[in-house]
Amino acid sequence: MATHQRSRSSILSGAKVVIAQVGSYESNMLDIAEKAEVSRATVYNHFSDKEEMMLCLVESEIQRLAELAMHAPTKRDALYVLSTEISKDPALAKMIQSDPLDIAKFVTVTEHPLWKLAQSSLESLFGESHGVVLHWLIGQIASPLAPTESAKQADQMARTL
């Protein structure tokens, strides 16, 4: 099981690197396998196709961000961590340039299970104010903040929560 999880994590990490280089449309399973240092067959043992892998990548990123925020000592620190992680993400930055339709789908709140995961993660951290936090973070996907601006806005947001 541990080897299986390591392979899956490597594939998702490789996918993120490839997306940061070429965008999601131009990414392919062969390049992802190469970056992950696994065979293409291993990639297909974990994911039936690129769409399934992309959904799993988004889910793992939501979980990663939630974990980082949960371990922050204060709400202000959690907000800052979330802001900086989103603002400096190279895969998101590349997708803004190369895959605007995918980004539009990502930032449209729906009933999709991944949105419910994002909302429930934020709700566990910020209570009823999670909707405001969600919209603040969504804005940073298209308009990333510099770290100093992330700090300033995290301070302001924490005071209003």
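Place +1 on the Cβ of every Lys and Arg and -1 on the Cβ of every Asp and Glu in the chain, take the dipole about the Cα centre, and give the residue among Ala104, Ala33, Met157 whose Cα lies farthest towards its positive end.
Among Ala104, Ala33, Met157, the one farthest towards the positive end of the dipole of the chain is Met157.
Just from its helices, what would the mean residue ellipticity at 222 nm be for the chain, if runs of 4 or more DSSP H residues each count -39500 (n - 2.57) and the sum is divided by every residue, rounded to the nearest 500 deg cm²/dmol?
Result for the chain, helices only: -25000 deg cm²/dmol.
Which residue fluctuates most in the GNM of the chain (Cα springs below 10 Å): Glu128, Glu85, Glu111?
Of the options given, Glu111 has the highest mean-square fluctuation.
Using a 10 Å cut-off around each Cβ, can you sort Tyr44, Tyr80 from fewest to most neighbouring Cβ atoms?
Tyr44, Tyr80
Considering just Cα atoms, how many Å³ per residue does the convex hull of the range 1-71 enclose?
89
Lys94: which lysines have alpha carbons under 24 Å from its alpha carbon, excluding same-chain residues fewer than 8 sequence positions away?
Lys16, Lys35, Lys50, Lys105
Which whole-number percent is the relative contact order of the range 1-70 (Cα, under 8 Å, 6+ apart)?
Across the range 1-70, relative contact order equals 31 percent.
Computed from the coordinates by the stated procedures, all read-outs in this text should not be read as laboratory data. The structure displayed is predicted, hence computed values, not measured ones. Cβ atoms come from the backbone with ideal geometry, glycine included; neighbour counts cover every protein chain shown.
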